[in-house]
Amino acid sequence: MRKENPQFAIRNPRWLSSITPIILILVLAPAIMYPLWSNPVSAGEDDVVFYYPLRKLVGQALAAGQFPLTNPREVTSGPLAADPQAALMHPPTWLFAVMDAKLAYAISIFLAFQLAGLGTYFYMRRLGLARPACTFSSIAFMLSGFMVGHRVHLSMIHTAAMLPWGLLCIELLRKNRDVPHFSRPYLASGLMVPAVFLAIAAGSWPTLINVGIIWAAYLALRGRPFVKSAAVI
């Protein structure tokens, strides 16, 4: 009989245990909330009367090669790009220019849940928790009452999804034997810049203020050395 390679037998389960939580986080929300694939505005609340038509207008303008400065559907031609919740600079909004609006809206919703889950997972791993605990924490935040309840407020869930990423950046500034000392500030700042940009570009200013307060309080508690940490962030 052919003998099994013991080296492969040892490494393969470790590889599977590393990738399985990531796959679970990515597929869980789209699987649980599968009706959104066919009708992402089924709630009939702010999604159908505000967020969906607003993003659709932006997508139509971009697809036509126009910069959406104003809303052509309003008699007085109100501002469109200047409306933060139009999220013109938020990458998921660009999906509306290249695909069906309902599909783009569904993908945008699921992206918020996935970003929230992945950010929480990596943040918890940075704290040193075991993978099952990190996976549980990720699912708890990703499918929390706030995230699921506010799925009709697209800007809110996209801004809130950046919360764990900012906490991860602050943790990266702390000494850890797994991360070289010289690389920690670069890792933290390199990750914090897109996290802050995405939180701002998502367009929910009240949520952004709350997230910013949490980041600031966490920095005061966990940023060590504090002055250097605050300077990097």
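The values are calculated or read from the model by the stated rules, or taken from the named source; none is laboratory data. These numbers were taken from a predicted model, which means no experiment stands behind them. Cβ sites come from the backbone with ideal geometry, for glycine too, and all protein chains shown count toward neighbours. In case anyone asks, the SASA skips ligands and DNA or RNA and just uses the protein heavy atoms, side chains included. Shrake-Rupley method; radii C 1.70, N 1.55, O 1.52, S 1.80 Å.
Residues in region 189-233 that are at pLDDT below 85 and either among the polar types (S, T, N, Q) or not in a helix (DSSP H, G or I) (or both): how many?
Selection size over region 189-233: 6.
Exactly one condition in (1) surrounded by 23 or more Cβ atoms within 10 Å (Cβ to Cβ); (2) farther than 29 Å from SER18 by Cβ; (3) out of contact with any Phe, Trp or Tyr (no Cβ under 9 Å at 6 or more places or on another chain) is not met by PHE113; state its number.
(2)
Residue by residue, here is whether (1) at pLDDT below 95; (2) of a type in the set (Phe, Trp, Tyr); (3) under 22 Å from ALA216 (Cβ atoms) holds:
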{"position": "TYR121", "(1), (2), (3)": "no, yes, no"}
{"position": "SER138", "(1), (2), (3)": "no, no, no"}
{"position": "PHE141", "(1), (2), (3)": "no, yes, yes"}
{"position": "MET156", "(1), (2), (3)": "no, no, yes"}
{"position": "LEU163", "(1), (2), (3)": "no, no, yes"}
{"position": "ILE170", "(1), (2), (3)": "yes, no, yes"}
{"position": "VAL179", "(1), (2), (3)": "yes, no, no"}
{"position": "ARG184", "(1), (2), (3)": "yes, no, yes"}
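Does any residue of region 7-19 turn out to be at pLDDT 85 or above and assigned to a loop (DSSP other than H, G, I, E, B)?
No, because not a single residue in region 7-19 is at pLDDT 85 or above and assigned to a loop (DSSP other than H, G, I, E, B).
Check whether at least one residue in region 59-69 is over 22 Å from the mean Cα position of the chain (by Cα), modelled with pLDDT under 85, open to solvent by 70 Å² or more (accessible area, probe 1.4 Å) and within 25 Å of LEU208 (Cα to Cα), and report yes or no.
Yes - at least one qualifying residue is present in region 59-69.
Which one is nearest to the chain's Cα centre (by Cα), of the residues in region 38-58 that are open to solvent by 40 Å² or more (accessible area, probe 1.4 Å) and acidic (Asp, Glu)?
Top of the filtered list is ASP46.
How many of the residues in region 89-120 are touching a residue at least 40 places away in the same chain (Cβ under 8 Å) and part of a loop (DSSP other than H, G, I, E, B)?
Residues meeting the conditions: 2.
Looking at region 70-77, can you tell me whether even one residue there is charged (D, E, K, R) and touching a helix residue (DSSP H, G or I) at 6+ places or on another chain (Cβ under 9 Å)?
Our first condition is that a residue be charged (D, E, K, R); within region 70-77, this holds for 73-74.
Among the residues that remain, those that are also touching a helix residue (DSSP H, G or I) at 6+ places or on another chain (Cβ under 9 Å) are: 73.
Yes, because at least one residue in region 70-77 is charged (D, E, K, R) and touching a helix residue (DSSP H, G or I) at 6+ places or on another chain (Cβ under 9 Å).
If you check every pair at least six apart or on different chains, which have Cβ atoms under 9 Å apart with a residue in region 138-166 that is closer than 21 Å to TYR105 by Cβ first and a residue that is open to solvent by less than 30 Å² (accessible area, probe 1.4 Å) and acidic (Asp, Glu) second?
Matching pairs, first to second residue: ARG151/ASP47; VAL152/ASP47; HIS153/ASP47; LEU154/ASP47.
Is there any pair with a first residue in region 41-53 that is modelled with pLDDT under 85 and a second that is surrounded by 15 or more Cβ atoms within 10 Å (Cβ to Cβ) whose Cβ atoms are under 6 Å apart and which are 6 or more apart or on different chains, and what are they?
From residues that are modelled with pLDDT under 85, the pairs are ALA43/VAL152.
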